[in-house]
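Single-structure report; data block below.
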């Protein structure tokens with residue numbers, strides 16, 4: 001729900017608000033909207049610039065940096081961190097919390113490089129093995145990255161305690177994702193290909209489910225403040241859905257269960273107003289329907305007709321839901337715990 005200046009003027013004309021109250025409320029809403037992430041030119045520039053800077057020091061790190069040695073990498077990483085921290089403090093002093101969150105995330109994203117430089121200085125890594133170069137941190141699965149990941153998580157916790165900015169959760173969530181992948185070979189006896197084994201897929205699924213529960217807990221705890229759960233949901237759902245979709249099933253029953261789980265993801269996304277559930281769930285349902293069309297009903301004339309009927313049935317259900325949304329929503333939310341019910345109601349009002 002969005003309130004316009006004209007609606008506040010109408011409320012003032014009806015005597016519901018005084019002019020001073022309307023002006024004060026409008027100033028508050030404008031300030032809040034300015035710091036709420038959205039598809040706005042300034043916000044696009046913030047995120048584009050921030051992601052380019054973060055990518056430059058992480059994903060797009062060139063091999064030339066390796067020649068600087070451990071001391072050089074450590075010194076440059078600490079220098080970048082100092083600049084990013086100073087920018088964060090300066091932006092917060094000017095009440096620019098959105099770009100401050102991006103510079104804070106940059107500082108956290110540099111922690112793995114600083115730890116790698118320190119480890120390289122101590123002789124922990126070798127220049128001769130490509131798998132032990134810093135660029136491999138973002139492309140190879142290896143349990144030896146765990147110390148870098150733990151240090152990054154610790155830095156993220158300190159940053160969240162100091163600044164309370166939602167975008168800080170982004171590098172924390174990505175690090176949790178990396179850690180989930182790197183833990184698999186350690187649990188499976190050091191086999192770096194273990195992530196792609198059946199055990200690895202099950203661990204990815206369980207890890208993603210656990211992270212989604214953590215995200216929901218964070219969502220409930222922060223329901224009255226800023227959105228700290230966004231990135232946790234993305235990483236959790238991606239890990240869960242990726243592990244689920246990678247599993248092989250030789251039976252149609254197993255594939256039908258896969259489709260049912262994806263429908264449940266879509267329903268969860270609708271209940272929590274989280275698009276990431278609907279996006280991945282929709283992909284899963286599309287994959288299942290593609291399987292039916294290409295395998296089970298390959299030569300059937302009725303399958304497209306039946307599928308069209310099902311699609312129109314969903315549209316009709318949507319029309320009925322919209323017509324009775326208030327009553328149905330209240331009935332479905334009634335059994336939920338009070339905190340979760342408040343979260344769903346707040347999401348539904350936006």
Of the residues that make up the range 144-166, is at least one at pLDDT below 85 and surrounded by fewer than 21 Cβ atoms within 10 Å (Cβ to Cβ)? yes
Exactly one condition in (1) touching a helix residue (DSSP H, G or I) at 6+ places or on another chain (Cβ under 7 Å); (2) on the phi < 0 side of the Ramachandran plot is not met by residue 273; state its number. (2)
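Restricting to the range 65-110, what's the tally of residues that are part of a loop (DSSP other than H, G, I, E, B) and surrounded by fewer than 15 Cβ atoms within 10 Å (Cβ to Cβ)? Break it down into steps so the answer makes sense when it comes.
Looking only at the range 65-110, we keep the residues that are part of a loop (DSSP other than H, G, I, E, B), and these are 94-96, 110.
From what is left, the residues that are surrounded by fewer than 15 Cβ atoms within 10 Å (Cβ to Cβ) are 94-95.
Summing the residues that are part of a loop (DSSP other than H, G, I, E, B) and surrounded by fewer than 15 Cβ atoms within 10 Å (Cβ to Cβ) in the range 65-110 gives 2.
Can you find even one residue in the range 245-254 that is surrounded by fewer than 19 Cβ atoms within 10 Å (Cβ to Cβ), at pLDDT 90 or above and not in a loop (DSSP other than H, G, I, E, B)? Give the steps one after another, and end with the answer.
Restricting attention to the range 245-254, the residues satisfying the condition of being surrounded by fewer than 19 Cβ atoms within 10 Å (Cβ to Cβ) are 245-254.
Narrowing the set further to residues that are at pLDDT 90 or above leaves none.
No, the range 245-254 has no match at all.
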Might you check whether a residue that is at pLDDT 85 or above and more than 17 Å from residue 237 (Cβ to Cβ) occurs anywhere in the range 315-325? no
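Within the range 97-115, take every residue that is farther than 25 Å from residue 150 by Cα and in contact (Cβ under 8 Å) with a residue 60 or more places away in the chain and give me the one that is farthest from the chain's Cα centre (by Cα).
97
The values are calculated or read from the model by the stated rules, or taken from the named source; none is laboratory data. Everything quoted here is computed from the prediction, not taken from an experiment. Positions of Cβ are generated from backbone atoms using ideal geometry, with glycine treated the same way; all protein chains shown enter the neighbour counts.
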